1. Can you compute 3J(HN,Hα) from phi for each residue in region 189-201, using the Karplus curve 6.51 cos²θ - 1.76 cosθ + 1.60 with θ = phi - 60°, rounded to whole Hz and x for Gly and Pro?
2. Ordered by residue, what ³J(HN,Hα) values in Hz, to whole numbers, does region 168-178 give under the Karplus form 6.51 cos²θ - 1.76 cosθ + 1.60, where θ = phi - 60° and Gly and Pro are x?
3. By the scheme Lys and Arg +1, Asp and Glu -1, what is the net charge of all other residues having a beta-carbon under 11 Å from that of Asp232?
4. Collect residues whose amide H, placed 1.01 Å from N in the peptide plane, falls under 5 Å from the amide H of Leu146; neighbours closer than 5 in sequence don't count.
5. Once fully extended, how much extra length lies between Arg251 and Val191, figured as 0.36 nm per residue of separation less the alpha-carbon to alpha-carbon distance?
6. Please identify every one of the chymotrypsin sites (Phe, Trp or Tyr not before Pro) in region 57-147 that sits in a loop by DSSP and has no more than 11 other beta carbons within 10 Å of its own beta carbon.
7. Under a Cβ-Cβ cut-off of 13 Å, what is the net charge of the residues other than Pro202 that fall near it, where Lys and Arg count +1 and Asp and Glu count -1?
8. Among residues other than Val118 whose Cβ falls under 12 Å from its Cβ, what is the net charge (Lys/Arg +1, Asp/Glu -1)?
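Coordinate-derived values only; no laboratory data. Note that this is a predicted model, so its numbers are computed, not measured. Methodologically, a virtual Cβ is constructed for each residue, glycine included, from the backbone with ideal geometry; neighbour enumeration extends over all protein chains shown.
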Amino acid sequence: MDIEEPMPRNPVISGANHTAALKPGRRRRPCATEDELLINIRDHSKDTFTESDPWRVLRIMGEFVSGFDALADLGHAVTLFGSARVTEDDPLYSATVDTARILGEAGFSIITGGGPGVMEAGNKGAHLAGARSVGLNIELPFEQHLNPYTDISVEFRYFFVRKMMFVKYGCAFVIFPGGFGTLDELSEALVLIQTGKIRNFPVILYDSAYWAGMLDWMKGTMLAGSKIAPHDLDLMVTADTPEEVRDIVVRSVQDEAWWIQREEGARAETVRHLSARTGC
């Protein structure tokens, strides 16, 4: 049965950047983002307060306040990551829609980065289920439009503030096939879990074939070289169907001890390693 396309629930929001006038023969160079200005600017002798790092601290604080205010009553939510380059005719797009839809039907809100590809598919699935659909968009050197399937949208200038919201308001990460940005979110979640900063937080890798090479490398190189412990690999689990994803997330909420036991092994290994090095 064909599903009627929903009307856009939010107007398309364009990025905050504008391209400066160009001289003939010069390539277009996007304006610097706030992240770039914060990280790369080396001149700390700015003439005005609004160009200084202390001023940026206030803007960062404002982004935290906006995010906390918008998401405070979200309830149980699942954060979905994956490639922005996936198109609607890609089977991965449909799989993401189905995953978000059945998670929404199970009572979870859906959080994505608010952009195209897997993010759009996740928000669309939430929309079809009547679940709350959150898009946390980011300022980029090129424009990234907010997809039209979000109920709640928050715009961020700073990646690290946005990443905090993904973790703080999600109770699980579903990592669909993606690129550097997806790997960044995966790595950050694993470190936070391994070090005990967050608990009972399933990390689900969707499409075991896509992730097999990475997992084999972790076992054959990282584990073999004693850079990680065997239990560290328990922090992730693979799934190949939307139903598998739902069942893992639902069980982790209904039976907290089940997933926490997987995490505790990795944390214990980390503590033992640090204790051996420090003699404590």
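1. Running phi through 6.51 cos²θ - 1.76 cosθ + 1.60 with θ = phi - 60° gives 4, 4, 5, 5, 6, 4, 9, x, 6, 10, 9, 6, 10 Hz.
2. So the Karplus estimates, Gly and Pro as x, are 4, 9, x, 10, 6, 10, 10, 9, 7, x, x Hz.
3. Working: positive: Lys219, Lys227, Arg262, Arg267; negative: Asp234, Glu263, Glu269.
So the environment of Asp232 carries a net charge of +1.
4. Ile13
5. Values: separation 60, 0.36 × 60 = 21.60 nm, distance 2.26 nm.
Gain on extension, Arg251 to Val191, equals 19.3 nm.
6. Details: sites: Phe64, Phe68, Phe81, Tyr93, Phe108, Phe142; in loops: Phe108, Phe142.
Qualifying residues, ordered by number: Phe142.
7. Numbers: positive: Arg199, Arg246, Arg251, Arg262; negative: Asp234, Glu244, Asp247, Asp255, Glu256, Glu263.
Around Pro202, the surrounding residues sum to -2.
8. Details: positive: Arg85, Lys124; negative: Glu88, Asp90, Glu120, Glu185, Asp207.
Once all neighbours under 12 Å are counted, the net charge is -3.
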